[in-house]
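K.L.:
Could you have a look at this structure, given as structure tokens, before my questions?
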Amino acid sequence: MTNTQVTLVQIDNYGPWTVTPEPRREVDLQTLQSRLYADLSQLIGNREGYVFFTRFDNMIAVTNGLDREAHALVQESVANRYPVTVSLGVATDPSPAAALGDATDRLQAAGSAQDEDRTQILGGGFLDEGDRTDGDVQIAHFDVIDATGKYTDRLNAFDSFIHIEQGYAELMRHMRRAHDSLSFFVGGDNVIAVCPELDRAAYRDAIDHVAGEVGVDLQVGVGRARTAQDAGMGAKHALETCRHDGTDVEFASRR
């Protein structure tokens, strides 16, 4: 059984801040968001976690191995570097979607995202070290088969982007609805999904669904490990096997 620890990162009072005392330049807001994501990616990545940007004012992280103290240090680092602070909701569950739901509830119970009095909340449940196993996190790394030949080298950049985004959107919806998984676009033609314990048939079903709905052909490598980064590296290696052997679903060998 998987047991994924998910952290919801939410910028405190961000909407009102962007227009106080007057609307701020969009270029400055985009720069702040991208730098904050990069810093969080490094802060959590240094502790074997993954962060996904989603809407930027809300980010989702897989944080198996990060305890309450590590989360508090992340908050402190952000507060020292930025004119904004972040609140963190944390939960664990065999279902990544259920864990995110619980983490979201923690923050919503503490107040609105636009409540100036709700600052640097840190709430939730953390996975005890004694309860951790080598199979807690399952990561699937999807990519589009021959994206360069089908899209990048044939279409203009924006039309290529539309095709990739259609595939991502359909995969994201299907994996959430059918399998309680959380899927994130991570650049190029790559999507990383945080999944419960799924078998080969579930991944093949997802690939067939996306091909049937939007005509985008995918392949996927799957890894499972104690932390998100180790599971992700396993998924990357399994994906390389797909590319080399021409297969559509491969699982990394468990260590």
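The values are calculated or read from the model by the stated rules, or taken from the named source; none is laboratory data. Worth saying up front: this structure is predicted, and the values here are computed from it rather than measured. Note: ideal-geometry Cβ built from the backbone for every residue, glycine included; neighbour counts use all protein chains shown. For the accessible areas, the whole protein counts, side chains as well, though only heavy atoms, and no ligand, DNA or RNA atoms are used. Shrake-Rupley method; radii C 1.70, N 1.55, O 1.52, S 1.80 Å.
K.L.:
Tell me whether the stretch 157-167 contains one or more residues that are over 21 Å from residue 1 (Cβ atoms), open to solvent by less than 40 Å² (accessible area, probe 1.4 Å), in contact (Cβ under 8 Å) with a residue 40 or more places away in the chain and among the polar types (S, T, N, Q).
P.N.:
Among the residues of the stretch 157-167, not one is over 21 Å from residue 1 (Cβ atoms), open to solvent by less than 40 Å² (accessible area, probe 1.4 Å), in contact (Cβ under 8 Å) with a residue 40 or more places away in the chain and among the polar types (S, T, N, Q), which makes the answer no.
K.L.:
Of the residues that sit in the stretch 140-156 and are under 28 Å from residue 227 (Cα atoms) and in contact with an Asp or Glu (Cβ under 8 Å, 6 or more places away or on another chain), which one is surrounded by the most Cβ atoms within 10 Å (Cβ to Cβ)?
P.N.:
Checking each candidate, the answer is 144.
K.L.:
Considering only residues of the stretch 102-124 that are among the small types (Gly, Ala, Ser) and open to solvent by less than 30 Å² (accessible area, probe 1.4 Å), which is nearest to residue 228 (Cα to Cα)?
P.N.:
The selected residue is 103.
K.L.:
Another question, if that's okay. What number of residues within the stretch 67-102 are in contact with a Phe, Trp or Tyr (Cβ under 8 Å, 6 or more places away or on another chain) and not in a helix (DSSP H, G or I)?
P.N.:
5
K.L.:
Still on this structure, I have one more. Kindly evaluate residue 159 against the criterion of being closer than 18 Å to residue 62 by Cβ, outside any loop (DSSP other than H, G, I, E, B) and among the acidic types (Asp, Glu).
P.N.:
On the way: closer than 18 Å to residue 62 by Cβ: no; outside any loop (DSSP other than H, G, I, E, B): yes; among the acidic types (Asp, Glu): yes.
No; evaluated as a whole, the condition is false for this residue.
K.L.:
Here are 5, 42: which of them is within 15 Å of the chain's Cα centre (by Cα), open to solvent by 60 Å² or more (accessible area, probe 1.4 Å) and over 18 Å from residue 113 (Cβ atoms)?
P.N.:
Just a single option satisfies the conditions, and that option is 42.
K.L.:
Still on this model: Taking the stretch 103-146 only, how many residues are under 30 Å from residue 160 (Cα atoms) and part of a strand (DSSP E or B)? Give the steps one after another, and end with the answer.
P.N.:
Initially, the stretch 103-146 is screened for residues under 30 Å from residue 160 (Cα atoms), giving 138-146.
Okay, now just the ones that are also part of a strand (DSSP E or B), so 138-144.
Selection size over the stretch 103-146: 7.
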